[in-house]
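The values are calculated or read from the model by the stated rules, or taken from the named source; none is laboratory data. Owing to the predicted nature of the structure, the values given are computational and were not obtained by experimental measurement. Positions of Cβ are generated from backbone atoms using ideal geometry, with glycine treated the same way; all protein chains shown enter the neighbour counts.
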Amino acid sequence: LRRNPGEIEFHQAVREVLESIGPVLGKHPEYAESKIIERICEPERQIIFRVPWEDDQGEVHINRGFRVEFNSALGPYKGGLRFHPSVYLGIVKFLGFEQIFKNGLTGLPIGGGKGGSDFDPKGRSQREIMRFCQSFMTELYRHIGEYTDVPAGDIGVGQREVGYLFGQYKRITNRYESAVITGKGLSYGGAQVRTEATGYGCAFFVDEMLKARGTSFDGKRVVVSGSGNVAVYTIEKVQQLGGTVIACSDSSGYVVDEKGINLDLLKQVKQVEHLRMDAYAKRHGGNVSFVAGRSIWELPCEVAMPSATQNEITGKDAEALVRGGCIAIGEGANMPTTPEGIRVFQEAGVAFGPGKAANAGGVATSALEMQQNASRDSWTFEFSERRLQEIMKDIHGRCLKTADEYGMPGNYAAGANIDGFKRVADAMLSLGLI
Ligand code: NDP
């Protein structure tokens with residue numbers, strides 16, 4: 001705490017991991033002897049930089065850019081970029097720290113990193129966003145590379161922004177280095193299913209948790225928070241698997257559509273016209289309500305899939321969900337449940353799929369994008385989706401097996417933390433004192 005003052009989210013993420021790896025340290029004294037914990041909590045490198053840009057009226061703005069290159073024991077640093085006014089070092093470090101273990105859990109050769117800026121894309125024109133991305137990359141380019149550090153998207157950074165960032169990288173370096181960034185459009189090195197991967201993967205993960213309890217999505221009431229990349233494709237796959245998603249949200253409020261969210265309308269409102277959530281209710285014309293200023297988690301449902309942002313499910317929200325009959329949680333977002341919330345779910349016996357495991361489909365498919373770029377190949381949608389489903393099934397199985405091995409049956413959070421930690425720690429030991 002003294003070393004990283006004020007980095008609240010980073011402290012929370014570290015505590016959550018360290019609390020569950022006690023039994024591993026007991027079994028493996030070599031980790032403590034070589035100070036693995038101290039080393040793993042300290043980023044290999046942190047870059048903070050100025051991002052100057054000009055708006056459409058000619059006014060100059062200065063934002064702050066970050067890239068935290070946390071751990072490269074398993075492969076090049078890999079993790080997204082977030083553009084949101086709340087971004088500061090504590091958020092980037094929490095995300096980067098989570099990413100180390102998540103990437104370890106996928107079994108793919110990728111290290112952990114994360115970055116972003118306190119730039120707020122809301123209300124900005126396409127040209128302003130392009131100019132910001134170009135300025136951001138004008139500094140970032142010297143720190144990244146196919147074998148060094150491979151960014152991707154996150155909140156506020158989708159395919160459009162990735163395109164502008166890649167365009168500027170290519171222009172500055174004069175290198176068509178496709179695997180320097182993932183989440184690209186299909187016409188310039190992107191991979192099938194990357195856009196859908198985090199949401200689809202989360203739905204596959206929850207499907208496995210439900211199967212392990214002898215049930216399925218069929219006929220279940222599901223609530224998904226957010227209406228961005230992760231939320232939209234979570235809704236799409238849950239609907240395909242037979243669930244009814246009755247609500248989704250953005251930061252202005254939530255909509256309830258008891259017959260099931262109309263995905264075409266949601267995509268039109270959010271992805272094409274970039275409108276606020278109340279537009280969904282206004283356009284729908286049916287029996288749909290828009291609710292502002294209240295928590296979406298007050299709605300009774302059997303499955304909850306938080307897909308917006310960190311700490312969105314508090315202890316109180318978790319209690320309301322349990323009272324409302326919730327049996328499974330799939331964290332599409334990173335760290336969306338507070339420590340109190342996690343405790344409530346675990347004490348109530350709710351199947352709790354932590355973000356590290358449940359949303360790992362995004363980064364796993366990014367690694368597949370890098371693989372296709374390296375071999376100048378592109379796989380079909382069907383093949384890529386099958387690979388994603390296999391990866392999520394494998395992660396689910398490994399979380400359960402590891403939790404069992406360490407005497408915590410059914411505890412996916414402990415299983416994910418221990419498995420991810422062991423992979424990274426073992427690689428660090430093999431690489432010597434780095
Ligand atoms: P998007 O920017 O596409 O969407 C974010 C959504 O969450 C929007 O609907 C946004 O609403 C809402 N939101 C953001 N902040 C808040 C807030 N403070 N309160 C309420 N709603 C909020 O981001 P993504 O879908 O890509 O990311 C969502 C989550 O998933 C993040 O936690 C991210 O780290 C995680 N994630 C993303 C991956 C990816 O592949 N994209 C991979 C793994 C995890 P509004 O527009 O009103 O702000």
Would it be correct to say that Phe70 is crowded, with 19+ Cβ neighbours inside 10 Å, under 18 Å from the mean Cα position of the chain (by Cα) and away from the ligand (no atom under 12 Å from the Cβ)?
yes
Residue, farthest from Gly153 (Cα to Cα), within the range 328-369, restricted to residues that are among the charged types (D, E, K, R) and more than 13 Å from the ligand (Cβ to nearest atom)
Glu347
Being hydroxyl-bearing (Ser, Thr, Tyr) and over 21 Å from the mean Cα position of the chain (by Cα) is the filter here, so list the residues in the range 375-418 that pass it.
Ser375, Ser378, Thr380, Thr402, Tyr406
Residues of the range 138-167 being touching a strand residue (DSSP E or B) at 6+ places or on another chain (Cβ under 7 Å), farther than 16 Å from Pro76 by Cα and away from the ligand (no atom under 16 Å from the Cβ), which ones?
Glu139
Name the pairs whose Cβ atoms lie under 6 Å apart, with the first residue in the range 180-199 and assigned to a loop (DSSP other than H, G, I, E, B), the second more than 12 Å from the ligand (Cβ to nearest atom) and polar (S, T, N, Q), and 6 or more positions between them or separate chains?
Gly189/Ser178; Gly189/Asn373; Ala191/Gln372; Gln192/Ser384; Val193/Ser384
May I ask you to list pairs of residues, at least six apart or on different chains, whose Cβ atoms are under 7 Å apart, with the first in the range 225-244 being over 12 Å from Val303 (Cα atoms) and the second being surrounded by 21 or more Cβ atoms within 10 Å (Cβ to Cβ) and at pLDDT below 95?
none
Close pairs from the range 272-284: first closer than 14 Å to Cys248 by Cβ, partner within 14 Å of the ligand (Cβ to nearest atom) and of a type in the set (Phe, Trp, Tyr), Cβ under 8 Å, at least 6 apart
Met277/Tyr254; Met277/Phe290; Asp278/Phe290; Tyr280/Phe290; Ala281/Phe290
Please give the helices (runs of 4 or more DSSP H) falling wholly within the range 308-404 in which 3 or more residues are surrounded by fewer than 22 Cβ atoms within 10 Å (Cβ to Cβ).
315-323, 339-347, 361-374
Being over 21 Å from the mean Cα position of the chain (by Cα) and surrounded by 16 or more Cβ atoms within 10 Å (Cβ to Cβ) is the requirement here; does Gln126 meet it?
no
State whether the residues of the range 112-129 include one that is more than 13 Å from the ligand (Cβ to nearest atom), under 21 Å from Leu18 (Cα atoms) and not in a helix (DSSP H, G or I).
yes
Exactly one of (1) under 26 Å from Leu105 (Cα atoms); (2) among the acidic types (Asp, Glu); (3) surrounded by fewer than 23 Cβ atoms within 10 Å (Cβ to Cβ) is unmet by Glu139. Its number?
(1)
